[in-house]
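Written out below as structure tokens is the structure these notes cover.
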Amino acid sequence: GIRDYAERFSGALTKRSVFLFARLWHLGAYFYIFMVFMVWLFRPFNAMAIIFRSTGLSILTIMGGVLLSLMMTRAITGGIRLPESFQRNLPALQSRLNAFVPRILKVLRFAVFLTTVLILLDIWEIVSFLDWLKSAQGLSIVSRYSSALFVLMAAFAIWLAIMSWVDLRLRDRAGYMVTARERTLFQLFRNAFTVVIIVMASLLALSEVGINIGPLIAGAGVVGLAISFGAQTLVKDIITGAFIQIENAMNEGDVVTVAGITGTVERLTVRSVRLRDLEGTTHVVPFSSVDMVSNFMRGFSYHVGIIGVSYDTDIKTAKKALQEAFDRLKETEY
């Protein structure tokens, strides 16, 4: 009957919730009958008052837990929808929110379910959850984990704000075009900041929980030293590439000579540059092998041309013709 009633709803979330209730309602009924029997068995003199009080509080607790769970479920299934102005200016913000917020809400939904069950057990005097929560040990544990959760949420908010600022700087606007140098530098900054914020937030959260992070920091230092020795070339690629981008030695579309190869820069990454030479061959050159960059398109360049004329040509006439050709060339985009 309940499943037939669920078919009348048009919303997927409501229909799914009613179907879930149809599958699990009998378990709650069995639990309620069992608890009433236990109260009548062990507290027969005031069983009626206990049953009425516990039943009312249980209904309120279940309704509150279900309401919170439905709100979170709606946000999880529907996702975060930002206004059109935000989507135009920050197109990646909504995808980032939908990548993390539903997972956070799933954890909170499980916490709501667990808290609801513990409160029900406390109402029926099976466990003393609320008394433990008011004790010094309970307050200490809740305080520590709440502080750790606050650290993680603050770190996520800071990371989201910085990533949004980077996306805004990498967005082409009227009268402003993002250069390959800026794109590469901001990509390097974004990756480095993500690693730093993850490490710092994790260590601070573990410290708030009560874990000694001193050995973790020492172990991370040893592991980092070992990795740096084993990946010297990779580290050199990244550092050299960062300085090449900072000095604006080359950008995408420039004709350059690096490591003895001359070609057009097609792509710049953190650790390498991709060139295409005159024969159409693509070369990927790591920055660790670049000791000099020759850029043919920085500011201006010279072209020495050998132009042959017949022996009986007037030199002055030839120079005037060359000057006229040069003047015509200057009027074009070249």
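The values are calculated or read from the model by the stated rules, or taken from the named source; none is laboratory data. Small disclaimer: the values here were computed from a predicted structure and weren't measured. Please note: Cβ atoms are built from the backbone with ideal geometry, for glycine as well, and neighbour counts cover all protein chains shown. Surface areas here come from the heavy atoms of the whole protein model, side chains and all, with no ligands, DNA or RNA. Shrake-Rupley method; radii C 1.70, N 1.55, O 1.52, S 1.80 Å.
Worth a mention:
- Computed magnitude of the charge dipole of the chain (debye, nearest 20; Cβ of K, R +1, Cβ of D, E -1): 1220 debye
- Counting charges near V284 (Lys, Arg +1; Asp, Glu -1) among other residues having Cβ under 13 Å from its Cβ returns a value of +1.
- Expressed per residue, the C-alpha convex hull volume of the range 270-325 stands at 162 Å³.
- Cβ crowding within 10 Å averaged over residues, with 244-250, 96-102 ranked highest first: 244-250, 96-102
- If you take the Cα centroid of the range 251-277 and the Cα centroid of the range 115-146, the two points sit 63 Å apart.
- Sorted from greatest to least, the principal axis extents spanned by the alpha carbons of the range 19-131 come out as 68, 33, 17 Å.
- Fully extending the segment from S85 to E279 would add 65.2 nm, taking 0.36 nm per residue of separation and subtracting the current Cα-Cα distance.
- Spacing of the two label points (7 Å from each Cα toward its C-beta) at L322 and L121, in nm: 9.6 nm
- Inter-label distance, nm, simple model (7 Å from Cα along the C-beta direction), V101/R267: 3.3 nm
- Inter-site label distance for T257 and S164 at 7 Å from Cα along Cβ, in nm: 4.9 nm
- Here the accessible area of the chain is 67 percent carbon and sulfur, with a 1.4 angstrom probe and all protein chains present.
- With R₀ set to 35 Å, the beta-carbon distance separating F189 from F110 gives a calculated FRET efficiency near 0.50.
- FRET efficiency for R171 and S289, using Cβ-Cβ distance with R0 set to 25 Å, rounded to 0.05: 0.15
- Radius of gyration (Cα atoms) of the range 199-334, expressed as a multiple of 2.2 N^0.38 Å: 1.86.
- The lysine pair count for the chain, using Cα distances under 27 Å and pairs eight or more places apart or on different chains, is 5.
- Shape analysis of the range 137-249 yields a ratio of the Cα radius of gyration to the Kirkwood radius, Rg/Rh, of 1.11.
- In the full protein context, the range 198-334 carries 73 Å² of accessible surface per residue, based on a 1.4 Å probe and ignoring ligands, DNA and RNA.
- Accessible surface of K316 - all protein chains present, 1.4 Å probe, nearest 10 Å²: 150 Å²
- Reference-scaled alpha-carbon Rg (2.2 N^0.38 Å with N residues) for the chain: 1.72
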